[in-house]
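S.K.: One structure coming up, written as structure tokens, with questions to follow.
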Amino acid sequence: MKIAIISDIHGNLEALNAVLAKIDDLNIQSIYCLGDIVGYGPSPNECVELIRSRNIPSIAGNHDKAVTGELSIESFSQMAKAGVLWTKSIITEENEEYLLNLPYSIQEHDIVFVHSSPDHPEEFRYLLSPEDARESFDYFSNPLCVVGHTHRPVVFCEDYTTKEIRRDKKFIVNVGSVGQPRDGNWKACFIIMDTEQYTIEFIRVEYDVETVHKKIKAIGLPQKLADRLLAGM
């Protein structure tokens, strides 16, 4: 069985539409979302409604919980705060209720799905390096944990020996970001996993980034939020 795993849409409807079209072209029926559907981007309601209409299982990201008021934005950057406050001002009651009810983790297909890390997922810790990931391996028994949050696709192995996932070792895979990549590549990123062959493939998809850039500027969010999309940073 092949499944698609997406994360960190961040209100970028154009990127989400392009990714879902690619998934449909690949005839993949099962999709999971690792959270941060909203925040930063100009189309939060449309993105939530699309995830809901497709019945895509999703978990909670820190921006989702910040928009609902469940998470303080005190530690957020000024750009992140601006995105959250603007999103809070326009999110519909129905979509806010959906975000309120998102879980912090899902376990299916012998995979742990979380937004940030399997250890205390509600604290939204960043796994930016093998050292950051090291302490997380003790918090899940499945062979694979998939995460988002950093917007940077990467594979961490528990003993640092390989980046090719295997059933006899534990791995943490960051699937990258649909709506705001930060690895120097502006194209939307997600993964396809073959649960039978036990392989993963990172997919990059072009989308109409110029339209999103214009939308962010039009609604008065910080210029840097728009410009960083063009650079993938």
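S.K.: What about residue 65, is it surrounded by fewer than 18 Cβ atoms within 10 Å (Cβ to Cβ) and of a type in the set (Lys, Arg)?
M.R.: Taking the combined requirement at face value, the residue does not satisfy it.
S.K.: Now for a separate question. Within region 153-169, how many residues turn out to be surrounded by 19 or more Cβ atoms within 10 Å (Cβ to Cβ) and not in a strand (DSSP E or B)?
M.R.: Summing the residues that are surrounded by 19 or more Cβ atoms within 10 Å (Cβ to Cβ) and not in a strand (DSSP E or B) in region 153-169 gives 1.
S.K.: Looking only at region 8-55, count how many residues are of a type in the set (Gly, Ala, Ser), outside any loop (DSSP other than H, G, I, E, B) and over 24 Å from residue 112 (Cβ atoms).
M.R.: 4
S.K.: Out of 172, 73, which single residue is crowded, with 18+ Cβ neighbours inside 10 Å, in contact with a helix residue (DSSP H, G or I) (Cβ under 6 Å, 6 or more places away or on another chain), in a strand (DSSP E or B) and among the β-branched types (Val, Ile, Thr)? Don't jump to the end; show me each part of the working.
M.R.: Details: 73 fails: in a strand (DSSP E or B).
Criteria check complete, one pass: 172.
S.K.: Turning to a different aspect of this structure: I need a count of the residues in region 127-151 that are surrounded by 13 or more Cβ atoms within 10 Å (Cβ to Cβ), assigned to a loop (DSSP other than H, G, I, E, B) and not aliphatic (A, V, I, L, M).
M.R.: 7
S.K.: If you go through region 95-111 one residue at a time, how many are in contact with a helix residue (DSSP H, G or I) (Cβ under 9 Å, 6 or more places away or on another chain) and assigned to a strand (DSSP E or B)?
M.R.: Number satisfying all stated conditions: 1.
S.K.: While we're looking at this one, here's another question. Can you work out which of the residues in region 175-197 that are part of a strand (DSSP E or B) and of a type outside the set (A, V, I, L, M) is farthest from residue 213 (Cα to Cα)?
M.R.: Filtering first and then ranking leaves 194.
No lab work stands behind these numbers, since they all come straight from the coordinates. Since this is a predicted model, take the numbers as computed values, not measurements. Reconstructed Cβ throughout: ideal geometry from the backbone, glycine too, with neighbour counts over all protein chains shown.
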